[in-house]
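The block underneath contains the structure these notes are about, expressed in structure tokens.
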Amino acid sequence: MQTTQVQRVRTRFAPSPTGYLHVGGLRTALYNYLFAKKMNGDFIVRIEDTDQARKVEGADKNLLKTLETTGIVPDESFLHGGNFGPYVQSERLDIYRKYCQQLLDQQQAYYCFSTAGELEENRKLQMKQGLQPKYNRKWLPENMGGSMPESEIKKKLDEGDPYVVRMRVPDYISIMFDDLVRGPVEFDSATVDDQVLMKSDGFPTYHFASVIDDHLMEITHVIRGEEWLSSMPKHLLLYEFFGWEPPKTAHLPLLLNPDRSKLSKRQGDVAVEDFFRKGYSPEAILNFVALLGWNEGEGSEREVYDLKDLVKTFSLERVGKAGAVFNIDKLGWLEKQYIKERPLEAIIETIRPVLEAELEKSPTEMDVDRIQGDDYLGKVIELMRERVDFEHEVVTFSTYFFFDPVEYEEKAVAKRWKEDTNGILLEFIHLLEATDDFSAENLEALLKDFVGPKGKKPAFLIHPLRILTSGVGFGPSLYHMLEVFGKETVLRRLKKGVEKVQAPGSDQGDTGSARIVIRD
Ligand code: GLU
């Protein structure tokens with residue numbers, strides 16, 4: 001009886017540890033993760049540090065940490081272990097050396113002793129002639145179709161001259177493949193350079209190491225940015241030289257600025273860590289990058305997905321070819337959707353350290369234990385979650401929940417204060433002093449019953465009360481806000497405020513427009 005074994009899907013994210021994680025890198029990692037998980041396969045992180053000059057200390061761990069913060073946890077990596085390690089290319093040099101020797105023995109690779117100066121001269125000459133710069137094959141041996149005698153090569157090797165090893169690209173062939181995103185693609189081998197495989201420092205190039213590792217790590221699907229599409233002919237030739245089956249590939253669309261130029265690489269604009277620092281949450285960022293080039297299908301209006309939903313709905317067939325525009329407003333919109341839905345405990349966890357830092361900077365007249373408690377923070381969050389762009393703004397934007405106002409918004413005072421405002425406020429303060437029920441409902445009833453007989457609308461007091469207790473002329477429902485502040489705070493602030501804020505022209509000799517009079 002014959003059985004067909006279905007190959008286990010294995011994908012990899014292969015960052016170079018040169019600094020921060022770019023949002024494009026996060027998208028690549030995410031799509032690899034989603035595809036692997038959807039197929040019940042493995043997702044691997046491999047560190048590609050063959051360019052030792054660009055390597056940044058600690059960047060490898062940071063990349064993994066950033067990924068994990070968004071929920072993308074690898075099955076295998078240098079931190080998670082696995083049966084296909086080492087997962088860092090600089091620890092695999094013996095492996096690359098062995099395979100390089102194999103290609104030299106098979107006459108599919110050759111030593112090249114051309115100096116940097118020679119290469120540059122050659123490049124300039126070809127450019128002048130209107131040709132695409134390529135290695136001129138000076139060191140291609142006679143027995144491989146070149147003109148360099150074996151003896152010359154041997155001599156150089158014996159003398160210990162520095163060299164690189166280049167692949168011998170076959171002449172006049174077409175290299176064709178089917179990309180899962182781009183469809184059929186074809187390259188002419190005449191356009192392919194004799195790529196360096198091993199550099200003079202004994203390290204492999206990206207192309208060589210990545211092909212060997214993808215094979216040895218049994219990667220079935222290579223999902224990466226479109227900028228790597230042009231490397232495909234070199235990679236496919238290497239698979240051919242070794243007699244290995246190449247993995248399937250999916251090249252993801254470029255990320256574009258809204259003006260359709262290529263997305264900047266400047267850190268601060270595109271580093272995932274910087275988005276965290278600005279206050280965007282991992283969920284919103286993950287959701288945002290998922291939509292950069294993928295959608296669920298025609299007619300689907302859905303935009304909010306968590307990682308679990310994405311694993312269920314993602315498919316490579318729905319990844320588009322057209323460049324994906326990076327629209328930061330969309331990220332802001334998503335962030336707001338998440339803040340609306342996020343459990344209180346999660347928001348409390350984020351804002352408590354922000355509050356602690358603020359309290360350290362300036363003392364408060366409020367009861368510190370109370371305002372740091374879950375109960376108080378929970379109430380503040382419920383009032384503010386619809387009004388903030390970032391979670392931390394629950395503290396930094398609505399500081400009045402934690403600190404007494406130190407000034408009053410001038411424009412708001414000008415607009416809301418009348419000659420009789422302070423007198424009526426004082427009366428209302430007495431009324432508040434006499435009540436112990438500071439629930440929003442009771443405060444509302446109290447205020448309405450109080451202003452009615454005076455021939456005033458509730459707004460006559462609502463605005464001044466808001467300004468004196470919060471310092472600003474806008475915010476959540478006044479009654480609910482006062483309920484959260486509590487009686488003690490409300491009375492303290494009102495008594496102090498009514499002393500400080502005057503109606504326009506009520507100060508001696510002042511007949512001008514409204515202003516704040518501070519009498520400390
Ligand atoms: N190390 C390459 C990079 O930095 C990986 C390219 C690939 O996925 O093959 O993007």
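Taking the longest Cα principal axis of the chain as reference, the axis of helix 421-433 is set at about 90 degrees. Of the beta bridges in the chain, as assigned by DSSP with both residues counted there, near 55 percent are antiparallel.
Among the listed pairs Lys454/Lys496; Lys361/Lys448; Lys456/Lys496; Lys361/Lys495, those with a Cα-Cα distance over 30 Å are Lys361/Lys448.
If R0 is taken as 22 Å, the Cβ-Cβ distance between Ala116 and Ala53 corresponds to a FRET efficiency of 0.95. Placing unit charges on the Cβ atoms only, positive for Lys and Arg and negative for Asp and Glu, gives the chain a dipole magnitude near 1020 debye about its Cα centre. Binning the C-alpha pair distances of region 301-447 at 5 Å intervals from 0 yields a P(r) profile of 1, 7, 11, 13, 14, 14, 12, 9, 6, 4, 4, 2, 1, 1, 0 %, listed from the shortest bin outward. Distance distribution P(r), the chain, all Cα-Cα pairs, bin width 20 angstrom from 0: 18, 36, 23, 15, 7, 0 percent. Simple rule: put +1 on each Lys or Arg Cβ and -1 on each Asp or Glu Cβ in region 316-356, find the dipole, and look at Ile351, Gly332, Ala322; the Cα lying farthest toward the positive end is Ala322.
Would you mind pulling out the separation of the Cα centroids of region 270-348 and region 189-215, in Å? Measuring centre to centre over Cα atoms gives 35 Å. Here the gap between Thr364 and Lys262, fully extended at 0.36 nm per residue and compared with their Cα-Cα distance, gives a gain of 31.9 nm. Against the chain, whose longest principal axis comes from its Cα atoms, helix 374-384 is set at around 90 degrees.
The listed peptides 292-302, 39-49, 197-207, 317-327, ordered by packing as a protection proxy, come out as 39-49, 197-207, 317-327, 292-302 (highest mean of other Cβ atoms within 10 Å first). What the phi angles of region 438-453 give under the Karplus curve with 6.51, -1.76 and 1.60, with θ = phi - 60°, is a coupling list of 9, 6, 4, 4, 5, 5, 5, 5, 4, 5, 5, 5, 7, 6, x, x Hz, glycine and proline written as x. The modelled label-to-label distance between Thr69 and Lys134, using points 7 Å beyond Cα along the C-beta direction, is 4.6 nm. A 1.4 Å probe run over the protein chains yields, for the chain, 49 Å² of accessible area per residue, whole-number rounding. When the alpha carbon gyration tensor of region 459-503 is reduced to an equivalent ellipsoid, the three semi-axes, largest first, read 16, 13, 8 Å.
Would you work out if region 89-143 is rounded, prolate or oblate? Take a ≥ b ≥ c from the square roots of the eigenvalues of the alpha-carbon gyration tensor; rounded if a/c is under 1.5, else prolate when a/b is larger than b/c, oblate otherwise. Prolate, since a/c reaches 1.5 and a/b exceeds b/c. Taken about its Cα centre, region 7-68 carries a charge dipole of about 320 debye when Lys and Arg each add +1 at the Cβ and Asp and Glu each add -1 at the Cβ. Can you spot the lysines whose alpha carbon is less than 22 Å from Lys330's alpha carbon? Ignore those fewer than 8 places along the same chain. Of all the lysines, those that pass the test against Lys330 - Cα under 22 Å, at least 8 places apart if same chain - are Lys262, Lys265, Lys278, Lys308, Lys321, Lys340.
Please compute the Kirkwood hydrodynamic radius of region 389-508 from all pairs of different C-alpha atoms, in Å with one decimal. Its Kirkwood hydrodynamic radius stands at 14.7 Å. Taking only C-alpha pairs under 8 Å that are 6+ residues apart, what is the relative contact order of the chain in percent? That works out to 12 percent.
Between the amide H of Met198 and those of Val165, Thr205, distances stay under 5 Å, these residues lying 5 or more places away or on another chain, with hydrogens modeled in the peptide plane. With N as its number of residues, region 247-369 has a Cα radius of gyration that, divided by 2.2 N^0.38 Å, comes to 1.34.
Relative to the longest principal axis of the C-alpha atoms of the chain, give the angle of the C-alpha long axis of helix 487-500, reported between 0 and 90° and rounded to the nearest 10°. Here the helix axis deviates by roughly 80 degrees.
Taken along its three principal axes, the alpha carbon spread of region 1-147 comes to 53, 51, 31 Å, from the longest extent down to the shortest.
The values are calculated or read from the model by the stated rules, or taken from the named source; none is laboratory data. Model, not experiment: these values are computed from the prediction. Neighbour counts are summed over all protein chains in view; Cβ atoms, including those assigned to glycine, are modelled from backbone coordinates with ideal geometry. Heads up: the accessible areas ignore ligands, DNA and RNA and are worked out on the full protein's heavy atoms, side chains in. Shrake-Rupley method; radii C 1.70, N 1.55, O 1.52, S 1.80 Å.
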